[in-house]
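Every read-out reported here was derived from the displayed coordinates using simple, explicitly stated rules and does not represent laboratory data. This one's a predicted model, so the numbers in the text were calculated from it and none came from an experiment. Please note: Cβ atoms are built from the backbone with ideal geometry, for glycine as well, and neighbour counts cover all protein chains shown.
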Amino acid sequence: MKKTFIFAALCTLAFGVAAQSLTPTEQMKREFRQTVQKRDISKHRNPNIPLSKQVAPEAKQSKAMPNGRVWFPGEWEEVKAITVTLAYEYMPATNPSSGYWAADPIVTGVAQYYKYSGGWQEQGMGPYKGVIDTTSSFGNVFFYLIDAIQLGGAEAWVRIEQAEDSNVVYRKLQRMNLRSDNVRFIIGPGNSIWYRDCGPICFYYGDQDSVGMLDFTYYPGRALDDSLPTLISQQYGLPNYITRIEWEGGNCLVDGAGMVFSSDAIYENNTDSYGQITWDGHNTNTIRYTQVSPLTRAQVRQGLHDLLGQRATHILKAYQYDGGTGHVDLYADAWDENGFVFSIMPDVYSSWTDYTTGKRNIDSLCSYKSIFDRNYYIMGDIPFPKTDNGGNFSGQTQYNNNYTRTYSNHTFVNNVIMQPCFSQVVDGQPTAAWDRENIEALKAAYPGYTIYPVDVRDFDGSGGAIHCITKQIPADNPIRILHKNIHGTVNAMLGNNMPVSAIITNKSGIASAEVRYRINEGEWQSTPLTANGNRFYGEMATANIQPGTTEDSTVTVEYYISATSNNGKTITKPMTANQGGYYSFNFTNLLDTIPAIDSSFFDFETEPVAAEDITFVFGENWVVEDTTGVRVPPVLGIDDVEVESEKAFGQFYPNPASSDANIRINLGNGATMNVSIIDMNGRTIHSTELMSAGNIVFTIDASRLQNGIYNVVFQNKEQRVVRRLIVK
């Protein structure tokens with residue numbers, strides 16, 4: 001059976017100035033991405049591959065998941081790594097004939113062939129080869145993301161087809177003058193680029209807050225991408241638990257406290273009998289779709305509830321004109337456990353189906369109760385993108401087929417946001433005036449974050465952008481702070497100190513916590529928080545605040561919470577507090593504009609819902625443990641450092657540091673060790689050599705460094721280790 005993809009809108013009218021600059025080859029490659037590799041389930045089922053006649057048995061076992069409590073962190077919480085792939089160009093191992101050919105991998109070593117002739121036409125199967133795209137603007141996007149991940153103090157876990165491709169990656173990063181100090185590799189085959197959707201949904205479990213992975217079934221037809229969590233498990237040792245429910249990470253929104261949101265696109269994904277592709281590894285005639293039993297809506301909802309929505313599971317109406325996915329990550333973003341930031345379509349699109357759907361979904365989200373038994377609220381809204389010339393989209397079909405642009409499709413990397421934009425980036429800023437203005441407006445919704453804009457126009461029409469191609473791996477040793485933030489106008493508290501409470505946890509316990517605050521940008525003040533188990537209480541000295549005598553007088557209080565664990569780690573809430581990101585509230589004389597928040601109770605008795613509804617034990621019968629293969633050592637980066645080598649290095653303490661920062665090192669027999677301190681702009685600001693032996697304590701005088709995050713690199717001929725240091 002032959003299938004032809006005709007992309008009807010590859011023309012100057014659709015893509016404006018950008019389309020005029022495309023060469024014929026670039027046009028064909030873009031069409032391939034927008035058809036064969038699109039982020040759309042309707043494009044993924046290959047009619048040339050039959051369905052197995054035998055229904056796969058249901059996975060059941062008496063104790064599938066790890067023992068102990070489980071919780072899924074929000075995306076705004078600390079991460080140690082972000083997974084991403086490179087853009088590979090796949091092609092037949094040898095071109096079967098003249099003309100322009102491409103390949104779409106099906107299983108390891110076998111791809112579906114395509115030939116371009118007025119559109120992409122399927123032309124049988126066969127062996128393929130993959131080459132990293134290092135020349136196009138589309139391929140460059142992934143290298144910018146690797147750079148931005150490291151800027152955020154995290155490791156870039158980069159999927160490559162074969163180990164030798166790591167050399168290509170390093171050479172390209174160096175040519176582009178991008179960071180390469182914190183890159184690690186995942187070696188294995190892949191289908192495409194949508195790692196949000198096929199990547200694991202990570203969770204913490206047990207008393208030590210160990211990290212595990214929950215592996216939903218990805219789109220049938222992309223078996224190689226579906227195996228990404230297995231590759232991570234094999235190469236990095238994270239336990240992986242597989243569920244047969246079909247779901248994509250882009251349709252998963254959690255509040256970090258037991259609440260999960262998705263769209264009803266998940267129901268349709270589970271209504272058919274097509275499971276993932278399998279084969280015997282030898283005979284291509286054995287390539288088959290696994291046959292599975294369809295799931296009812298009730299089963300899907302119950303499965304999500306049992307697996308990660310213990311407090312509640314909410315299914316929203318899917319967008320119909322969002323590129324074909326119906327995913328929530330194209331318009332909604334959880335800012336923290338209290339509320340959301342939304343991409344809101346302007347009224348000029350009020351006739352669009354998705355305009356109405358979006359309004360209703362936002363109303364629904366804000367009608368649900370947070371962990372603190374109050375409604376979620378809009379913590380900010382961000383603009384809606386435009387066409388290349390700054391105009392409006394002509395209609396929802398044009399937007400769906402040719403653009404699907406949104407500023408919400410970004411990724412948090414600790415205190416950095418990898419942010420889509422839609423014009424050329426020069427000196428860290430979009431060049432189109434309308435695009436630059438929208439990014440500036442976005443910053444107000446995410447105070448304190450470093451915005452790393454990336455031009456993603458090459459993703460137009462493919463159904464996604466940055467959030468869709470990246471996936472977070474949570475940090476080790478997390479400090480978790482749940483806080484009912486104070487916001488809006490709080491005139492009901494005039495004449496009183498403002499109480500502050502939080503639930504703060506760490507596997508080692510909490511040594512200290514405080515609230516820091518300032519009034520009208522004055523001097524910062526600090527009040528310790530008193531512990532009662534995991535609950536911490538204190539108050540800000542606001543009793544003497546008066547707004548003033550004029551009608552529009554307003555007093556603004558900004559604040560954040562800081563906590564230090566017994567094992568020496570410090571974190572703030574919000575995480576960007578050291579970069580200017582604070583919670584804030586107002587006292588004002590504008591009494592007729594006081595919002596509903598003024599009627600909320602602010603006292604020490606404010607507590608979240610029961611702890612067992614925040615952390616929980618997984619339901620049974622939905623998952624099986626992944627035991628595929630034997631763990632293999634990963635390619636960790638330059639010089640192929642083995643995991644064992646890092647055991648000779650401790651962590652900096654204290655961290656953050658304001659004076660001396662110390663780290664214990666075992667230098668063995670005394671090989672010379674080079675030490676470099678590198679700031680977040682990639683600049684080496686100090687270097688030295690260690691020529692000692694055995695166990696030593698190496699000290700950095702942090703008082704001589706500017707506040708910020710630094711990578712300290714220890715390297716010799718045998719090993720290379722990076723430790724992060726925060727100077728405060």
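At-a-glance table
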quantity	calculated
Option label - Cα Rg over 2.2 N^0.38 Å computed here, alternatives (1) 0.97; (2) 1.22; (3) 1.28	(1)
If the convex hull is drawn through the Cα atoms of the stretch 56-166, its volume per residue in Å³	212
With at most 14 other Cβ atoms within 10 Å, longest stretch of the chain clear of loop GluC sites (Glu not before Pro) (DSSP)	165-520
Ascending count of other beta-carbon atoms within 10 Å, so fewest first, for 507, 359	359, 507
Estimated FRET transfer efficiency (residue 433, residue 392; beta-carbon r; R0 22 Å; 0.05)	0.90
Net charge contributed by nearby residues that have their C-beta within less than 12 Å of residue 470 (K/R +1, D/E -1)	0
Footprinting exposure proxy for 442, 228 (fewest neighbouring C-beta atoms within 10 Å first)	442, 228
Estimated 222 nm signal from helices in the chain, with DSSP H stretches of n ≥ 4 weighted -39500 (n - 2.57), rounded to 500	-4500 deg cm²/dmol
Dipole-positive endmost among 586, 536, 486 within the stretch 485-607 (Cβ charges, Cα centre)	536
Range in the chain, longest, excluding exposed chymotrypsin sites (Phe, Trp or Tyr not before Pro) [loop by DSSP; at most 14 other beta-carbon atoms within 10 Å]	1-367
Antiparallel DSSP beta bridges within the chain, as percent of all bridges there, nearest 5	75
Largest-first ellipsoid semi-axes for the stretch 485-607, taking √(5λ) over the Cα gyration tensor eigenvalues, angstrom	28, 15, 11
Ascending count of other beta-carbon atoms within 10 Å, so fewest first, for 691, 213	691, 213
Cβ charges +1 (Lys, Arg) and -1 (Asp, Glu), total dipole of the stretch 334-468, debye	240
Electrostatic dipole magnitude of the stretch 642-727 [Cβ: Lys, Arg +1; Asp, Glu -1; Cα centre; debye, to 20]	120
Tilt relative to the chain, helix 165-175 - C-alpha long axis, 0 to 90 degrees, to 10	60
Which listed pairs, of 80/359; 53/471; 359/386, have C-alpha distances above 25 Å, in listed order	80/359; 53/471
Residue among 423, 28, 623 farthest towards the positive dipole end of the chain, charges placed on Cβ	28
Counted charge near residue 708, where neighbours are those whose Cβ lies closer than 12 Å (Asp, Glu -1; Lys, Arg +1)	+2
Computed magnitude of the charge dipole of the chain (debye, nearest 20; Cβ of K, R +1, Cβ of D, E -1)	1400
Formal net charge of residues neighbouring residue 86 (Cβ-Cβ distance under 11 Å; K, R +1; D, E -1)	-2
Distance from the stretch 454-508 to the stretch 126-155 (C-alpha centre basis), Å	27
